[in-house]
Every structure is written in structure tokens, then in C-alpha cells.
């Protein structure tokens, strides 16, 4: 996630700056918006991976083999 963010954040910043040039009234672009988006994506990713690992670790292998 961090590697993808390292590539995506500068590209997104550049795209948003270019897009905002089309408006007469420009709004400032803050760094914390990118940090917050990274934190949210990292938390969702960590939560999803943790939950799936917990389910796999607590699953009964006999049930999986019977349904195969």
C-alpha cells in the first residue's frame, strides 16, 4: 500500500493542481488530505487482511474437505 501511495500521491497532486487551474477561485490543496486518504486505505487493508487470516486460521479443515 505504501509503495502504491508513493507513486499515486504525486500523480494525484499534479492532476488536481492542473484541474484546479481551470477555476477562477482556487482552493488550497493540503498535504493532510493525502495523509488521511493513505491512513484510511491502510486501515481498511489491514482490517481486511487480518479478518481473512483470522477466518482461515479458525476454519475447520474437515468442513472444507467434505465440501470439495
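Whether any residue in segment 33-53 is under 27 Å from the mean Cα position of the chain (by Cα) and more than 25 Å from residue 1 (Cα to Cα) is what I want to check. Scanning segment 33-53 turns up no residue that is under 27 Å from the mean Cα position of the chain (by Cα) and more than 25 Å from residue 1 (Cα to Cα).
When each of 26, 18 is tested for being free of Cβ contacts under 8 Å to residues at least 24 places away in the same chain and in a loop (DSSP other than H, G, I, E, B), the lone residue that passes is 26.
The numbers here are math on the coordinates, done by the rules we state, and not lab data. Small disclaimer: the values here were computed from a predicted structure and weren't measured. Methodologically, a virtual Cβ is constructed for each residue, glycine included, from the backbone with ideal geometry; neighbour enumeration extends over all protein chains shown.
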